[in-house]
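This report refers to the structure that appears directly beneath it.
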Amino acid sequence: MATTETDQATFGGTVEATVEAQVETVERNPEGYLGFKLGEFEFSRDDYFVYISWPTGSHVMSADTFLKALQRDVAWEFFYGIVNFDGVIGTVNHYGDVDLFAGRYNDGWRKAELDHLENFPTAHIKATFEAMLDDWTNEGFDPFASPDETGTAFGPKNGSNKAAITRHRVTAQRMVGVPGDEGLRSDETGHTVNRHFLDVPQDEPEIHAEQGFEGDVAAFNLFAYLSRSDVTWNPSVVAACKDSLACPTTEEYILPIIHGNDRVEWFVQLSDKIIWDVEDRDTGTVRAKVVMKAGDVCAMPADIRHQGYSPKRSMLLVWENADSELPALISSGKLPTYPVDL
Ligand code: PHB
Ligand code: FE
């Protein structure tokens, strides 16, 4: 399959990538799934598992864990820094090209010198990942949904779920609700209040703008907006002020990736509770366990990786700084890996 595309980065700047993206497939296996090749990496799946191999090793992951991570890597245009699918496989975003790695950020694989890393133009890896996500996602399985709100990822190939895997990604240019920008959610737009948020008030603020400023003053009920999210672990840009992006999200069960930071990010727990495992970004050594309850604020340093556990659906505000100069300033030591001196 050859596609020519221009990628619109969903978090950082705009990635202009016009390339011939060649997706290399392997014929369908007895379970009905295509195989994929990306450089020297090979990917296949069967009823329960995804198998990944490279010249010096191989790895196996549960199909549902893999698809949930793959969905986010694709939808977030490879996100900020590192998206670990688990402790072995993942991607590093260089904002224009992307590393695919196996064992690179795992002390055991590194010391055994069996880790592997290849770099691809963003459009090439994205086209391959999109084709894999499409072929391996069965009818009734929604990789963005909580386990309680979706069908199974398992079994032989059974249809597809294109609507779920190509959802509109909310990226407000100014703010949700501003004329011409991302709209509010309602029953009419197909966003019903989630079962865990039935107690969230749905009233909207009154706006009394000075004459002539009607198009410039906006306000909305963020809690009501979030109560109507139909996805989990999927930060949306609901407000942007230059590089400062407010990316709230609703969470339930486990963040399907382990995010390795290339900059500091702030978390504000808006409701309920999330437990975070924090590890050294490069080795996976345990650094901290953070329990965040409603009202708690924390900053994740730029040299860690983290994965969250949300016992019930909860609301989290992720505050990102999209300044494209940050990764180099931090890795060269010109900026610290932490946000404030107390
Ligand atoms: C993160 O990696 O910081 C992250 C990703 C997705 C979420 C929340 C946090 O839903
Ligand atoms: Fe993160």
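The values are calculated or read from the model by the stated rules, or taken from the named source; none is laboratory data. What you see is a predicted model, and the numbers here were worked out from it, not measured in a lab. Backbone-built Cβ (ideal geometry, glycine too); neighbour counts: all protein chains shown. Calculation scope for accessible area: heavy atoms of the full protein, side chains included, ligands and nucleic acids excluded. Shrake-Rupley method; radii C 1.70, N 1.55, O 1.52, S 1.80 Å.
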Quiz item: Once label points are set 7 Å from the Cα along Cα→Cβ at both Lys37 and Ala328, what is their separation, rounded to one decimal in nm?
Solution: 3.6
Practice problem: Please determine, in degrees from 0 to 90 and to the nearest 10, the orientation of helix 63-75 with respect to the longest principal axis defined by the Cα atoms of the chain, where the helix direction is its Cα long axis. | Solution: 60
Self-check item: lysines with Cα under 30 Å of Lys312, excluding same-chain neighbours fewer than 8 positions away
Solution: Lys68, Lys162, Lys273, Lys289, Lys293
Self-check item: Per-q log10 I(q)/I(0), the range 228-321, q = 0.20, 0.21 Å⁻¹ (Debye; single scatterer per alpha-carbon; no solvent)
Solution: -0.97, -1.06
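Give the calculated FRET efficiency between Ser53 and Glu210 to the nearest 0.05, with a Förster radius of 45 Å applied to their Cβ-Cβ distance.
0.10
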Quiz item: In whole Å, what is the distance between the alpha-carbon centres of the range 283-335 and the range 139-165?
Solution: 29
Quiz item: Roughly how tilted is helix 122-136, in degrees to the nearest 10 and between 0 and 90, from the longest Cα axis of the chain?
Solution: 80
Exercise. Rounded to the nearest 0.05, what FRET efficiency do Trp266 and Arg110 give with R0 = 35 Å and r taken as the Cβ-Cβ distance? Could you check?
Key: 0.70
Quiz prompt | Per-pair calculated FRET efficiency, R0 = 22 Å: Lys289 and Phe223 via Cβ, rounded to 0.05 | solution = 0.20
Self-check item: Accessible solvent surface per residue of the chain, calculated while the other protein chains remain in place, 1.4 angstrom probe, Å²
Solution: 46
